[in-house]
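Only one structure is covered here, and it is reproduced in the block below.
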Amino acid sequence: GAVVSQHPSRVICKSGTSVKIECRSLDFQATTMFWYRQFPKKSLMLMATSNEGSKATYEQGVEKDKFLINHASLTLSTLTVTSAHPEDSSFYICSARELAYIQYFGAGTRLSVL
Amino acid sequence: LAKTTQPISMDSYEGQEVNITCSHNNIATNDYITWYQQFPSQGPRFIIQGYKTKVTNEVASLFIPADRKSSTLSLPRVSLSDTAVYYCLVGSSSGTALIFGKGTTLSVSS
């Protein structure tokens, strides 16, 4: 199947700093990518839909100024958690949809804010 | 709001066949049914996708009745490594995101 690469896999940062997470589709072009957040023992929650060349669409309750999304090319979307605080600590997962209507997911990024 | 309903948990033993049924009563005409497997601290892994009848690949089978209001993921001869959370999702080809339900936690014992 198609491969979605997510980097870094784990990041620890101090409160108040910003963290950038990259999501790349390695063997296909993705005009649309998605960002999810997952708390321990819970399901994935959709945060936003990232569209190449346009503004992201955020789900209700997700602060767009806190979670900046950039989708500058057909293979790369980034999520920046700005001024991170301990409550932003979570597992962030990206996905990209390829032509056969299948969404492929990255391995996830574990963010720990101290 | 998730479009699907699955059992919260299932238990099995190594070598048995496991069938996980998912209810999606409000499935739309252009919706596909997709199943994912997720291990702790990893992203979901695609297992199988179907639209109607039966689909089979090297790891699983997916059975979809004619009314498409439910589907069953069949895992033949499970092993300990199949212990994971399994998600059933429905989504269209329009490009909208998949919305996850609670999933089914499968525990396989020896």
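The values are calculated or read from the model by the stated rules, or taken from the named source; none is laboratory data. What you see is a predicted model; the values in this text were computed from it and never measured. Note that we place each Cβ from the backbone using ideal geometry, even for glycine, and neighbour counts take in every protein chain shown.
State whether the residues of the stretch B:26-41 include one that is crowded, with 19+ Cβ neighbours inside 10 Å, out of contact with any Pro (no Cβ under 7 Å at 6 or more places or on another chain), over 22 Å from A:PHE105 (Cα atoms) and not aliphatic (A, V, I, L, M).
no
Would you confirm whether or not the stretch B:3-21 contains a residue that is within 9 Å of chain A (Cβ to nearest Cβ) and modelled with pLDDT under 95?
So in the stretch B:3-21, the residues within 9 Å of chain A (Cβ to nearest Cβ) come out as none.
No, the stretch B:3-21 has no match at all.
Specify the residue that is farthest from the other protein chains (Cβ to nearest Cβ); the eligible residues are those in the stretch A:39-51 that are over 14 Å from the mean Cα position of the chain (by Cα) and surrounded by 13 or more Cβ atoms within 10 Å (Cβ to Cβ).
Checked the stretch A:39-51; the qualifying residue farthest from the other protein chains (Cβ to nearest Cβ) is A:LYS42.
Could you tell me whether the stretch B:79-89 includes any residue that is polar (S, T, N, Q) and within 15 Å of the chain's Cα centre (by Cα)?
Taking the stretch B:79-89 and keeping what is polar (S, T, N, Q), we get B:79, B:81, B:83.
Remaining after also requiring within 15 Å of the chain's Cα centre (by Cα): B:83.
Yes: the stretch B:79-89 contains one or more residues that are polar (S, T, N, Q) and within 15 Å of the chain's Cα centre (by Cα).
Give me the pairs: first residue in the stretch B:23-52 and within 19 Å of B:PRO7 (Cα to Cα) and within 11 Å of another protein chain (Cβ to nearest Cβ), second residue among the polar types (S, T, N, Q) and in a loop (DSSP other than H, G, I, E, B), beta-carbon distance under 7 Å, and six or more apart or on different chains, which are they?
B:ILE48/B:ASN57
I need the full set of residues from the stretch A:54-65 which are within 14 Å of chain B (Cβ to nearest Cβ) and within 25 Å of A:GLN29 (Cβ to Cβ), in order please.
A:SER54, A:ALA56, A:THR57, A:TYR58, A:GLU59 - these are the residues of the stretch A:54-65 that are within 14 Å of chain B (Cβ to nearest Cβ) and within 25 Å of A:GLN29 (Cβ to Cβ).
With the requirement that a residue be touching a strand residue (DSSP E or B) at 6+ places or on another chain (Cβ under 9 Å), over 25 Å from B:GLN38 (Cβ atoms), in a loop (DSSP other than H, G, I, E, B) and at pLDDT 95 or above, what does the stretch A:68-95 give you?
A:THR82, A:HIS85
This table checks each residue for (1) under 26 Å from B:THR104 (Cα atoms); (2) away from every other protein chain (no Cβ under 14 Å); (3) touching a helix residue (DSSP H, G or I) at 6+ places or on another chain (Cβ under 8 Å).
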residue	(1), (2), (3)
A:LYS20	no, yes, no
A:PHE28	no, no, no
A:PHE67	no, yes, no
A:ALA84	no, yes, no
A:PHE91	yes, no, no
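Please go through the stretch A:1-42 and pick out each residue that is part of a loop (DSSP other than H, G, I, E, B), in contact (Cβ under 8 Å) with a residue 40 or more places away in the chain and charged (D, E, K, R).
A:LYS14
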